[in-house]
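> Have a look at this one before I ask anything.
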């Protein structure tokens, strides 16, 4: 007898540049996949926006393609989201009232500048530094400059409403707004007051697993039983469920999360303290560090004609033994953790007439890996114990050159997940838990195993020297004002 608990679930990962959907069976694994592109607009001045209709259409298209590929019914749906992308919309009709401001968007810097005297108070309340990356500054900007009508929320609340009519967001996504009290996991009246959002009608904060509503967007009526923000979904799928473990996802940006247990840990090293997930009313927490540009920096090199795509990283980068003295700080959308200087632009130094595309590719790999190594060091400081390895996922993990560089600069093993699309697999896990509360997290998780393990090939002394050279270039950037003058 086939029960709902043993039937596949549809897991949808709505991301920055596209939506990926999987049909996941507990016995057979992934039996159907579907994708649909999303094309954000990158505008002068650090503005990044996207048509909300494109987000919703991509969710429906990818989900339907995955179901068609599977060719059999599913029992439930789970949805992962971008986290800090926001829009205003009409709760009566579901129609968007603004474009969606993507997480990379910097237009709310003026809001953060006004609130600078309250930065430490907000960090203590919410675990988040004051930065336009997070949702609340963007929400305030929309209210000041676009519309006072409707509601203003993260994109997941709008997608959930379009799919089911419910008005909800999961605790981890709510924690990305800078409006959630980190200790109580409820909306903070004080944070709302500081951002001028006291009168806003905010969505209900729900567990990651549990019935939210039903949808017919994918064909037959299905319950939506799983909601989780993208990076925390990847953390879960990587089976980093105990304090001290860490993972990094290499997508549009690179995101390192370290699990800290059932209590929030407010570090002093520039990382974000946030909710990992809430299950059965019990919250787990993590430290979170961000690199704004990873695959997006690869696309930048591609647009310049240096390479033809990410598939060229290894052959082009391996054409030279090292970066030839070139240092690339790929802060093409600013520097995030642990520096939090979104106003900065990237730098490319040490160029010569002998510089080749291979040197530029090597320098980019060094730059991405060095930033992740800084995040890992910060996590170790805040945890009070060094990391012993790093589990990794995302499209750029296909590059052996980047992964070897990462292991070298970390001086740690880098374990590449054998499971692709781990964000979708994480939300499939919570969808299954929401469908069958009798399951444990361990029972619902897919078996984790590495496809490859990269061990360091350089000495600790050489790694220290290379990271010091990168930090020197970052220091030079930090010493500059926004107009380029040296302080």
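> Could you tell me whether residue 270 is part of a loop (DSSP other than H, G, I, E, B), farther than 23 Å from residue 165 by Cβ and either without any contact (Cβ under 8 Å) to a residue 40 or more places away in the chain or in contact with a strand residue (DSSP E or B) (Cβ under 8 Å, 6 or more places away or on another chain) (or both)? I'd like the intermediate steps shown before the answer.
Details: part of a loop (DSSP other than H, G, I, E, B): yes; farther than 23 Å from residue 165 by Cβ: yes; either without any contact (Cβ under 8 Å) to a residue 40 or more places away in the chain or in contact with a strand residue (DSSP E or B) (Cβ under 8 Å, 6 or more places away or on another chain) (or both): yes.
In short, yes.
> Let me ask something else about it. Just to verify a result, which residue in the range 433-454, among those that are in contact with a strand residue (DSSP E or B) (Cβ under 6 Å, 6 or more places away or on another chain) and in contact (Cβ under 8 Å) with a residue 60 or more places away in the chain, is nearest to residue 394 (Cα to Cα)?
433
> Moving to a separate point now. Scan the range 53-98 for residues that are under 21 Å from residue 141 (Cβ atoms) and in contact with a helix residue (DSSP H, G or I) (Cβ under 8 Å, 6 or more places away or on another chain) and report the count.
Looking only at that region, the number is 13.
> Here's something else I'd like to know. Condition first: farther than 28 Å from residue 235 by Cα, in contact (Cβ under 8 Å) with a residue 40 or more places away in the chain and in a loop (DSSP other than H, G, I, E, B). Can you find one or more residues in the range 321-331 that meet it?
Within the range 321-331, one or more residues are farther than 28 Å from residue 235 by Cα, in contact (Cβ under 8 Å) with a residue 40 or more places away in the chain and in a loop (DSSP other than H, G, I, E, B).
> Those residues that are assigned to a strand (DSSP E or B), crowded, with 24+ Cβ neighbours inside 10 Å and in contact with a strand residue (DSSP E or B) (Cβ under 6 Å, 6 or more places away or on another chain), I need them from the range 132-168; list them, please.
152, 154 - these are the residues of the range 132-168 that are assigned to a strand (DSSP E or B), crowded, with 24+ Cβ neighbours inside 10 Å and in contact with a strand residue (DSSP E or B) (Cβ under 6 Å, 6 or more places away or on another chain).
> For residue 242, indicate whether it is out of contact with any helix residue (DSSP H, G or I) (no Cβ under 9 Å at 6 or more places or on another chain), surrounded by fewer than 24 Cβ atoms within 10 Å (Cβ to Cβ) and without any contact (Cβ under 8 Å) to a residue 40 or more places away in the chain.
Numbers: out of contact with any helix residue (DSSP H, G or I) (no Cβ under 9 Å at 6 or more places or on another chain): yes; surrounded by fewer than 24 Cβ atoms within 10 Å (Cβ to Cβ): yes; without any contact (Cβ under 8 Å) to a residue 40 or more places away in the chain: yes.
Criteria met by residue 242.
> Which members of the range 377-403 meet the condition of being in contact with a helix residue (DSSP H, G or I) (Cβ under 6 Å, 6 or more places away or on another chain), farther than 26 Å from residue 318 by Cα and touching a residue at least 60 places away in the same chain (Cβ under 8 Å)?
Matches in the range 377-403: 387 only.
> Could you tell me which numbered condition residue 127 fails, if it satisfies all but one of (1) more than 19 Å from residue 141 (Cβ to Cβ); (2) crowded, with 24+ Cβ neighbours inside 10 Å; (3) without any contact (Cβ under 8 Å) to a residue 40 or more places away in the chain?
(3)
> How do the pairs read when you match residues in the range 188-202 that are free of Cβ contacts under 8 Å to residues at least 12 places away in the same chain with residues anywhere that are crowded, with 16+ Cβ neighbours inside 10 Å, using Cβ under 6 Å and keeping only pairs 6 or more apart or on different chains?
198/192
> Using the structure shown, decide if residue 319 is surrounded by fewer than 24 Cβ atoms within 10 Å (Cβ to Cβ), more than 16 Å from the chain's Cα centre (by Cα) and more than 30 Å from residue 431 (Cα to Cα).
Taking the combined requirement at face value, the residue satisfies it.
> If we scan the range 81-89, do we find a residue that is on the phi < 0 side of the Ramachandran plot and surrounded by fewer than 23 Cβ atoms within 10 Å (Cβ to Cβ)?
No, the range 81-89 contains no residue that is on the phi < 0 side of the Ramachandran plot and surrounded by fewer than 23 Cβ atoms within 10 Å (Cβ to Cβ).
Matching residues to (1) closer than 23 Å to residue 170 by Cβ; (2) in a strand (DSSP E or B); (3) within 23 Å of the chain's Cα centre (by Cα); (4) modelled with pLDDT under 95:
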residue	(1), (2), (3), (4)
45	no, no, yes, yes
49	no, yes, yes, no
62	yes, no, yes, no
75	yes, no, no, no
88	yes, yes, yes, no
104	yes, no, yes, yes
110	no, no, no, no
113	no, no, no, no
117	no, no, no, no
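For every residue, the table says whether it meets (1) at pLDDT 95 or above; (2) in contact with a helix residue (DSSP H, G or I) (Cβ under 7 Å, 6 or more places away or on another chain).
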position	(1), (2)
431	yes, no
445	no, yes
449	no, no
452	yes, no
470	yes, yes
483	no, no
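> Among residues belonging to the range 100-115 that are out of contact with any strand residue (DSSP E or B) (no Cβ under 9 Å at 6 or more places or on another chain) and within 21 Å of residue 331 (Cβ to Cβ), point out the one that is surrounded by the fewest Cβ atoms within 10 Å (Cβ to Cβ). I'd like the intermediate steps shown before the answer.
As a first pass, look at the range 100-115 and keep what is out of contact with any strand residue (DSSP E or B) (no Cβ under 9 Å at 6 or more places or on another chain): 109-115.
Still in the list and also within 21 Å of residue 331 (Cβ to Cβ): 109-110, 112-113.
On the way: 109: 19, 110: 14, 112: 23, 113: 11.
Per the stated criteria, the residue is 113.
The values are calculated or read from the model by the stated rules, or taken from the named source; none is laboratory data. Note that the structure is predicted; figures quoted are calculated from it, not measured. Here the Cβ is made from the backbone with ideal geometry for all residues, glycine too, and neighbour counts use every protein chain on show.
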